[in-house]
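The values are calculated or read from the model by the stated rules, or taken from the named source; none is laboratory data. Predicted, not measured: the structure shown is a model, and the values here were computed from it. Methodologically, a virtual Cβ is constructed for each residue, glycine included, from the backbone with ideal geometry; neighbour enumeration extends over all protein chains shown. Surface areas here come from the heavy atoms of the whole protein model, side chains and all, with no ligands, DNA or RNA. Shrake-Rupley method; radii C 1.70, N 1.55, O 1.52, S 1.80 Å.
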Amino acid sequence: RLTLKELKEVTQQEDAVLLDTRNREDFALGFISGSLLSPLNKQFNTVAGSYITEDEEIYLVVEEHLVEEAVRDLYRIGYDKIEVMYSEQNVGKLEKVDVRAFDGLEDVDANSLILDVRKATEYQEGHIDGAMNIAHTRLLPKLEDVPKEKKIYVHCQAGGRSAVAAALLQREGHDVVLIDDKFENYRKPQTA
């Protein structure tokens, strides 16, 4: 087990990544600043493969009973520099709102941007007015397109993809808010 100081040092290394496999709700409540999020679900390999380069060493934050599955999945996509750990020491929090908290960019100031991390086809079917669209699997090579001087509100269809994208953006120094809600609730009247 690494100390909190050692875990923070991992997030500062250019050739290493701290990959948190917990669900987005637990991650948002507290995580090691600089961590990436890739919940251990059917999208695990897609997210890890999209956000981690082959030359990075992976420090895997995972529950003990899921270690074998996580390591096996990473090996299957070509990652073999893996250190396994679990830490209950969490220092960062991810700010969250629901999609009904605003009504498009007209309710977000000029210092903010809505980032839609769904696929282009989903975006074309309907999106929040003024939102920028970069699919979550294409975000790493397009980070330079996301302005660092703005607060970034990240959303997707149901919250999973936006949570992993928000973790990546936060790791890269962006001020991020996770829109933790289903897109279908956008502009839907609220009922008591």
A student asked for the Cα radius of gyration and Dmax of the chain in angstrom ought to give 16.6, 51
Hey, any idea what % of the chain's accessible area is carbon plus sulfur with a 1.4 Å probe? 44 percent
Quick check: Cα centre of segment 1-74 to Cα centre of segment 106-149, how many Å? 24 Å
What are the lysines whose alpha-carbon lies under 28 Å from the alpha-carbon of LYS5, with same-chain residues fewer than 8 places away excluded? LYS81, LYS93, LYS96, LYS148, LYS151
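Can you give the net charge of the other residues whose Cβ lies under 13 Å from the Cβ of VAL146, counting K and R as +1 and D and E as -1?
Details: positive: ARG138, LYS142, LYS148, LYS150, LYS151, ARG171; negative: ASP116, GLU144, ASP145, GLU149, GLU172, ASP175.
Around VAL146, the surrounding residues sum to 0.
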Cα Rg, Dmax, segment 1-88, angstrom units: 11.8, 32
When the chain is fully extended, how far beyond the present Cα-Cα distance does VAL97 get from SER33, taking 0.36 nm per residue of separation? 21.1 nm
